[in-house]
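Presented below is the structure to which this report refers.
The values are calculated or read from the model by the stated rules, or taken from the named source; none is laboratory data. Nothing here was measured: the structure is a model prediction, and the numbers come from that model. All Cβ positions, even for glycine, are placed from backbone atoms using ideal geometry, and neighbour counts span all protein chains on display.
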Amino acid sequence: MILNLDKNFTPYGTKNSIDYNFFTFLGGEPHIKIISEFENVTEVTITHRIQSFNDIGTLLLATNALKNMGIKKLHVVLPYFPAARQDRLMVSGEPLSVKVYADIINAQNYESVTIFDPHSEVTPALLNDCKVVDNHKFIKQVTQQLSDDLILISPDGGALKKIYKVAAHLQNYEVVECSKSRNVKTGQLTGFKVYTDNLQGKDCLIVDDICDGGGTFLGLAKELKAKNAGNLYLAVSHGIFSKGFEELEKYFTKIFTTDSFKTTENKNCIQIELGKLL
């Protein structure tokens, strides 16, 4: 059976789904009550979209409730793993946030933890019994909607390894590498570079795992246009879009993402349901 803790996110459908009530006490404590009754059920899959520490709390409460009902095997699907970008210590005084979340998840002793297109290899290394779903099917669905004469753009060094794997899987596309500089204390981005002289008017698809404020892609878009790029497209596995789409729409003809983090409604953003990729 399946417990979808975000009722707007049902990657495996709603058949055999578990009903529950969720509310918050006046003191601020969240609470969940499983309504469905089980007979001869020993295994359940929990799906959830994590957008805050409170969402982790909801997951833990649901996990405990199911264990108290006699469920022996629990699987969890967390497509966007929280704090995956905080995967190394850069400045003194900061936590290694991804390990904090991973330790909490590991303490639940899940049979498996499924994540989608993790930011780096650190997250799956920290998680016990981790199953990684790569972004290959996602990018394939994106490229099928675009020109055959398309260039894949790697926005920075961190994306290089994954984008070459995608290119090898698709077998049809050239890759152009780019880079940027980031001040680790302020987060400010500078020094965008595109490592080719002329893109010859070809359409370009930037491929990355996360779009938060979009600063990386805005800075890179200007440099791509300066190198004679054609239409610009953006494909990100996890669309946070904390600053909206207004600035991104000035440069990108279309933006592609999944519903791993939230459900997005925007005329220039095409959202592919994760259920089609798992």
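Can you find a residue in the stretch 30-48 that is touching a residue at least 40 places away in the same chain (Cβ under 8 Å), under 24 Å from SER120 (Cβ atoms) and outside any helix (DSSP H, G or I)? Yes, the stretch 30-48 contains at least one residue that is touching a residue at least 40 places away in the same chain (Cβ under 8 Å), under 24 Å from SER120 (Cβ atoms) and outside any helix (DSSP H, G or I). Step by step: first the residues of the stretch 89-107, then only those that are of a type in the set (Gly, Ala, Ser) and touching a residue at least 12 places away in the same chain (Cβ under 8 Å), then the one that is surrounded by the most Cβ atoms within 10 Å (Cβ to Cβ). Which residue is that? That would be ALA102.
Residues are listed down the side, and each one gets a yes or a no for (1) closer than 28 Å to ASP55 by Cα; (2) out of contact with any strand residue (DSSP E or B) (no Cβ under 7 Å at 6 or more places or on another chain); (3) surrounded by 15 or more Cβ atoms within 10 Å (Cβ to Cβ); (4) in contact (Cβ under 8 Å) with a residue 60 or more places away in the chain:
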| residue | (1), (2), (3), (4) |
| --- | --- |
| LEU189 | no, no, yes, no |
| LYS193 | no, no, no, no |
| GLY201 | no, yes, no, no |
| ALA235 | yes, no, yes, yes |
| ASN268 | no, no, no, no |
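Out of curiosity, is VAL175 of a type in the set (A, V, I, L, M, F, W, C), touching a helix residue (DSSP H, G or I) at 6+ places or on another chain (Cβ under 7 Å) and modelled with pLDDT of 95 or more? So VAL175 fits the description; yes. Look at (1) under 22 Å from PRO82 (Cα atoms); (2) assigned to a strand (DSSP E or B); (3) basic (Lys, Arg) and you find that LYS243 fails only one, number (2). Of all positions in the stretch 51-70, none carries a residue that is in a helix (DSSP H, G or I), touching a Leu at 6+ places or on another chain (Cβ under 9 Å), closer than 26 Å to HIS238 by Cα and among the basic types (Lys, Arg).
So, VAL98, is that one assigned to a helix (DSSP H, G or I), under 28 Å from PHE256 (Cβ atoms), among the aliphatic types (A, V, I, L, M) and not assigned by TED's automatic domain parsing to the domain that holds GLY158 or not? Spelling it out, VAL98 is indeed assigned to a helix (DSSP H, G or I), under 28 Å from PHE256 (Cβ atoms), among the aliphatic types (A, V, I, L, M) and not assigned by TED's automatic domain parsing to the domain that holds GLY158. Candidates are the residues of the stretch 156-183 that are in contact (Cβ under 8 Å) with a residue 40 or more places away in the chain and not in a strand (DSSP E or B); the one that is surrounded by the fewest Cβ atoms within 10 Å (Cβ to Cβ) is ASP156.
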